[in-house]
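The values are calculated or read from the model by the stated rules, or taken from the named source; none is laboratory data. Because the structure is a prediction, the values reported are computed rather than measured. Don't worry about glycine lacking a Cβ; one is built from the backbone with ideal geometry, like all the others, and counts go over all protein chains shown.
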Amino acid sequence: MAMLEVKNLSKSFGKLHVLKDINLDVEKGEVVAVIGPSGSGKSTLLRCINQLEKVSGGTINVCGTEMINYSDKGKPIYADSKTLRDIRLKTGLVFQNFNLFPHMTVLRNITEALTVVLKISKQEAAGRAMELLKKMGLETKADAYPSELSGGQQQRVSIARALALEPEILFFDEPTSALDPELTGEILKVIKALAADGMTMVIVTHEMAFAHDVADKVIFMEDGYIVDEGSPDHLFGDNASDRVKQFLQRFNS
């Protein structure tokens with residue numbers, strides 16, 4: 001079953017065409033890595049899927065629900081607010097810069113959406129949050145504030161916050177780009193564990209070895225297009241396009 005279907009997606013900012021005719025399917029339990037040079041549209045793709053940017057054209061279907069329809073004039077019309085909310089609850093997004101609330105404790109960063117959005121009791125929300133913090137190895141940091149944590153710890157809290165809403169599909173926008181190499185390993189270990197548990201994920205990353213080892217499918221984007229896609233063995237092997245090989249040369253040392 002396709003958890004995500006993106007067809008003919010386009011996105012423009014004025015005269016700047018950032019996404020051009022993007023087609024992408026993600027199956028249940030699949031891990032998809034999105035790679036490519038900076039400015040290729042990778043983050044914008046995730047933002048469109050997660051309703052942080054409005055599309056210019058194309059369709060997005062999440063877990064069988066259409067996000068966008070079209071008027072007689074061919075203009076995209078988003079679904080009603082209830083449908084969009086239901087779709088939003090089925091997706092989670094982990095940002096590269098953590099995006100934690102600095103004035104809230106770790107525990108409250110995780111429970112806030114549970115109590116406000118899902119209307120779960122504070123006691124139940126705290127229980128769910130503590131289970132996730134234990135899974136992340138951060139159960140002793142529940143009362144700490146983000147400024148008291150390392151970058152790797154903050155990112156693990158942001159992952160726990162995304163998981164707390166029990167999304168069907170989880171998106172990562174370069175989750176290790178703000179971390180040093182040692183802390184990067186912490187986060188990649190967490191994501192590998194999620195993959196082993198069968199979590200459906202789309203991961204924008206510059207970690208090529210990680211993409212090769214964890215992804216079921218790799219997509220290479222450049223200049224707003226998907227230039228090449230396939231299994232890790234294809235993208236990182238001799239059958240990849242010349243452009244992909246050129247891009248990967250700088251990682252092959």
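Assorted remarks:
- Matching residues in region 199-216 - criterion: being farther than 19 Å from E168 by Cα and part of a loop (DSSP other than H, G, I, E, B): T205, H206, E207
- Candidates K217, K245, K189 - the one that is of a type in the set (K, R) and touching a residue at least 40 places away in the same chain (Cβ under 8 Å): K217
- Some residue of region 197-212 being surrounded by 19 or more Cβ atoms within 10 Å (Cβ to Cβ) and on the phi > 0 side of the Ramachandran plot: no
- Complete set of residues in region 172-198 that are assigned to a loop (DSSP other than H, G, I, E, B) and in contact with a Leu (Cβ under 9 Å, 6 or more places away or on another chain): P175, T176
- Among (1) of a type in the set (A, V, I, L, M); (2) touching a residue at least 24 places away in the same chain (Cβ under 8 Å); (3) over 23 Å from R88 (Cα atoms), the one test that I169 misses: (3)
- Q249 out of contact with any Ser or Thr (no Cβ under 8 Å at 6 or more places or on another chain), closer than 30 Å to I120 by Cα and not in a loop (DSSP other than H, G, I, E, B): no
- Of all residues in region 128-166 being among the charged types (D, E, K, R) and touching a residue at least 12 places away in the same chain (Cβ under 8 Å), the one that is farthest from V94 (Cα to Cα): D143
- Taken over region 217-235, residues that are in contact with a helix residue (DSSP H, G or I) (Cβ under 7 Å, 6 or more places away or on another chain), in a strand (DSSP E or B) and not aromatic (F, W, Y) amount to 5.
- Checklist (1) farther than 17 Å from A142 by Cβ; (2) at pLDDT 95 or above; (3) of a type in the set (S, T, Y) applied to S71, failing item: (2)
- Some residue of region 172-190 being surrounded by fewer than 20 Cβ atoms within 10 Å (Cβ to Cβ) and at pLDDT 95 or above: no
- Search result, residues across region 65-109 that are free of Cβ contacts under 8 Å to residues at least 60 places away in the same chain and small (G, A, S): S71, G74, A79, S81
- For region 3-27, the candidate set comprises residues that are touching a Ser or Thr at 6+ places or on another chain (Cβ under 6 Å) and within 16 Å of T65 (Cα to Cα); within that set, the residue that is surrounded by the most Cβ atoms within 10 Å (Cβ to Cβ) is M3.
Matching residues to (1) more than 23 Å from L46 (Cα to Cα); (2) assigned by TED's automatic domain parsing to the domain that holds I49; (3) out of contact with any Asp or Glu (no Cβ under 8 Å at 6 or more places or on another chain); (4) not aromatic (F, W, Y):
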| position | (1), (2), (3), (4) |
| --- | --- |
| L118 | yes, no, yes, yes |
| G137 | yes, no, yes, yes |
| Y145 | yes, no, yes, no |
| S150 | yes, no, yes, yes |
| Q154 | no, no, yes, yes |
| A162 | no, no, yes, yes |
